[in-house]
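Input: a single structure, listed below in structure tokens.
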Amino acid sequence: MAQPAVTLWRFIASGFGSGLAPKAPGTFGSLAGLVIGCLLLLAGHLALLAGIVVAIAVGIYAIGRLPEAGEDPGWIVIDEIAGQMIPLLALYAFSVWGALLSFALFRLFDIWKPGPVAWADRRKDEYGIMGDDIIAGLMAWLVMLALHLVSPL
């Protein structure tokens, strides 16, 4: 079977190529989101929030343009990029430990798929594909906010 043509929407949906990794594309997409999110955080929380909103909007649009998206192929990782940036909002400022914790928590909720994450994951359209990772990111963000009660991140 021939490979589908590379289009702008496939490139975006693949996380600028990070989702084309032969193994663990979701982890590579999350790493791309971590790097992008940390760079935006260095510019400020407002820049990070704007980046998250743009990633979500562009992700929904891009995924909606792909006929194979209903199958949620592993190479679509724009959802991981958007979701991974969300828990970074809980950091007062960039820190390596905070970034690593946000990565670990996001991946935990993304893979484990507790409650509402699994609910969104069952929806096989662009909203479900993006939604499960947004919810996983929000859950990781809440845990990070709770951790502020015992330790600064």
In segment 65-78, the residues that are over 18 Å from A21 (Cβ atoms) and within 17 Å of the chain's Cα centre (by Cα): A69
Tally, over segment 115-147, of residues that are in a loop (DSSP other than H, G, I, E, B) and under 23 Å from G64 (Cα atoms): 4
Residues of segment 16-27 satisfying the condition of being farther than 14 Å from D72 by Cα and buried (at least 20 other Cβ atoms within 10 Å of the Cβ): S18
Complete set of residues in segment 75-93 that are in a loop (DSSP other than H, G, I, E, B) and surrounded by 15 or more Cβ atoms within 10 Å (Cβ to Cβ): W75, I76, V77, L91
First in segment 97-114 and outside any helix (DSSP H, G or I), second anywhere and crowded, with 16+ Cβ neighbours inside 10 Å, Cβ under 6 Å, 6 or more apart: K113/D121
From the options L48, L100, residue that is of a type in the set (A, V, I, L, M) and surrounded by 14 or more Cβ atoms within 10 Å (Cβ to Cβ): L48
Condition broken by L40, with the remaining ones in (1) buried (at least 16 other Cβ atoms within 10 Å of the Cβ); (2) within 14 Å of the chain's Cα centre (by Cα) satisfied: (2)
Selection from segment 16-51 of residues that are touching an Asp or Glu at 6+ places or on another chain (Cβ under 7 Å) and either polar (S, T, N, Q) or not in a helix (DSSP H, G or I) (or both): S30
Segment 73-93 residues that are at negative phi, paired with ones that are part of a helix (DSSP H, G or I) and among the acidic types (D, E) (beta carbon under 6 Å, 6 or more apart): D79/D133; E80/D133; G83/D133
Close pairs (6 angstrom Cβ cut-off, 6 or more residues apart or separate chains): closer than 18 Å to A120 by Cβ in segment 43-72, loosely packed, with under 14 Cβ neighbours inside 10 Å anywhere: G70/K124
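Quick note: the coordinates plus some simple rules give every number you see, no bench work behind them. Being a predicted model, the structure only gives us computed values, none of them experimental. Methodologically, a virtual Cβ is constructed for each residue, glycine included, from the backbone with ideal geometry; neighbour enumeration extends over all protein chains shown.
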